[in-house]
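The values are calculated or read from the model by the stated rules, or taken from the named source; none is laboratory data. None of the values given here were measured: they were computed from a predicted structure. Ideal geometry is used to build each Cβ from the backbone, glycine not excepted, and the neighbour counts take in all protein chains shown.
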Amino acid sequence: MPTIHPTAIVSPLARLAADVEIGPFTVIEGAATLAAGVRIDGHVLLRGQVELGPGTTVGWGSVLGTDPQDLSFDPATASGVFLGAHNTLREYVTIHRSSHAGCATRLGAGNLLMTGVHLGHDAALGDHNIIANNVAGWDGAGISLVDALNVNIINNTVVDNDTTASSGVLFNTLGAPIASSEGPCPVSQTTGLPPSPCVVTSTPQPAGLVSIQNSAVLTANLPATITCPAGHYAGATASNGSTTVTVA
């Protein structure tokens with residue numbers, strides 16, 4: 001039988017595999033379907049037609065299947081949320097149901113949705129993605145590389161920063177003068193001019209990957225001839241699959 005905390009409320013319409021685990025104060029409303037190996041932490045809300053694939057984990061405080069943020073939406077619309085196998089949703093993830101009758105907001109298999117991620121109505125996300133949100137980090141959050149000799153970034157890593165562009169202590173760390181020590185000074189969309197005085201602390205910046213120059217220690221210890229690992233870029237201008245890089 002499923003393991004259900006005594007404080008949880010589960011609709012009699014819900015279909016639960018025998019090994020499903022449901023944490024404290026979780027509410028499952030309507031005809032949700034939870035496949036084998038699904039684990040639901042505490043204070044989670046599943047509403048309506050929510051289907052969770054095998055091995056999926058839903059973190060504390062997450063909300064799935066509620067109405068879309070669409071002023072034209074009719075709450076009587078029959079729609080839902082579908083998640084494939086082995087997804088991990090961390091704390092406070094929200095996924096809204098589709099705004100179209102008979103449709104679902106869909107998440108594929110093997111995805112990681114980090115704390116605070118929101119998937120809006122009718123989103124369709126494939127397999128093996130990492131989505132992060134509300135991250136305070138370097139260059140709007142993302143991946144920062146220094147002295148990286150052999151790095152593979154595979155599938156998709158998407159990082160969005162809704163709160164702060166950079167953590168203050170990072171302004172004084174290695175490489176900060178090259179990466180994110182201050183600015184860039186944004187230009188006003190109204191006046192076309194930068195603010196006065198110019199912003200010198202936290203400024204909204206695009207998320208992504210930052211790679212700064214190799215350190216003097218690494219450079220001093222490199223051999224005269226370097227052979228790039230197979231499948232990696234070589235030379236000042238090179239291509240790797242459908243991607244091209246130019247090093248100035």
Fill in the blank from the handout: Selection from the stretch 28-56 of residues in a strand (DSSP E or B) and among the hydroxyl-bearing types (Ser, Thr, Tyr) yields Thr33
Exercise for the section: Only one of these is of a type in the set (Phe, Trp, Tyr), modelled with pLDDT under 95 and part of a loop (DSSP other than H, G, I, E, B): Phe73, Phe25. Name it. Expected result: Phe73
Fill in the blank from the handout: Going through (1) touching a Lys or Arg at 6+ places or on another chain (Cβ under 9 Å); (2) closer than 21 Å to Ile130 by Cβ; (3) crowded, with 19+ Cβ neighbours inside 10 Å one by one, Val93 fails only at (1)
Exercise for the section: Looking only at the stretch 35-58, decide whether some residue is touching an Asp or Glu at 6+ places or on another chain (Cβ under 6 Å), farther than 19 Å from Ile131 by Cα, surrounded by fewer than 19 Cβ atoms within 10 Å (Cβ to Cβ) and of a type outside the set (Gly, Ala, Ser). Expected result: yes
Problem - Members of the stretch 91-127 that are free of Cβ contacts under 8 Å to residues at least 40 places away in the same chain, assigned to a loop (DSSP other than H, G, I, E, B) and polar (S, T, N, Q) - result: Ser98, Ser99, Asn111
Exercise for the section: Give me a count of the residues in the stretch 1-16 that are touching a Pro at 6+ places or on another chain (Cβ under 7 Å), small (Gly, Ala, Ser) and closer than 23 Å to Ala109 by Cβ. Expected result: 0
Fill in the blank from the handout: For the stretch 24-72 the number of residues that are within 15 Å of Asn111 (Cβ to Cβ), free of Cβ contacts under 8 Å to residues at least 40 places away in the same chain and under 20 Å from the mean Cα position of the chain (by Cα) is 7
